[in-house]
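Working notes, beginning with the structure itself.
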């Protein structure tokens with residue numbers, strides 16, 4: 001049995017504190033020895049994740065929708081945040097790192113999404 005300070009009305013003795021920890025340790029050990037019999041399932045329906053335990057719905061999570069920040073043509077001396085998309089040299093790039101552009105386009109800050117100037121023929 002765990003002894004609570006509020007219920008006792010006075011500070012706990014060292015023996016009571018040790019007894020509390022021993023009781024908690026025994027309870028944890030007993031829980032570890034018990035196999036988990038419930039089954040967690042996660043289903044997705046469009047943009048919603050549905051969490052179930054033993055077939056019973058316990059939670060819904062609406063997934064965020066990715067909305068790129070379309071910034072048009074790349075410009076020098078311009079602040080760009082992660083997720084911004086720009087056009088540069090007939091290609092579409094996505095910003096990967098918060099930065100302010102310099103005098104020239106720096107590929108290390110961008111990921112190529114689509115190369116419109118590429119010819120596969």
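The values are calculated or read from the model by the stated rules, or taken from the named source; none is laboratory data. Here the structure is a predicted model, which means the values were calculated and not measured. Cβ: placed from backbone, ideal geometry, glycine included. Neighbour counts: every protein chain shown.
Could you list all residues from segment 1-44 that are exposed (fewer than 11 other Cβ atoms within 10 Å of the Cβ) and touching a strand residue (DSSP E or B) at 6+ places or on another chain (Cβ under 9 Å)? Residues satisfying the conditions are 38, 39, 40, 42, 43, 44.
Which residue, of 105, 88, 21, is assigned by TED's automatic domain parsing to the domain that holds residue 3, more than 30 Å from the chain's Cα centre (by Cα) and modelled with pLDDT of 90 or more? If you could, list the steps in order and put the result at the bottom.
Working: 105 fails: assigned by TED's automatic domain parsing to the domain that holds residue 3; 88 fails: assigned by TED's automatic domain parsing to the domain that holds residue 3.
Only one candidate passes the filter, namely 21.
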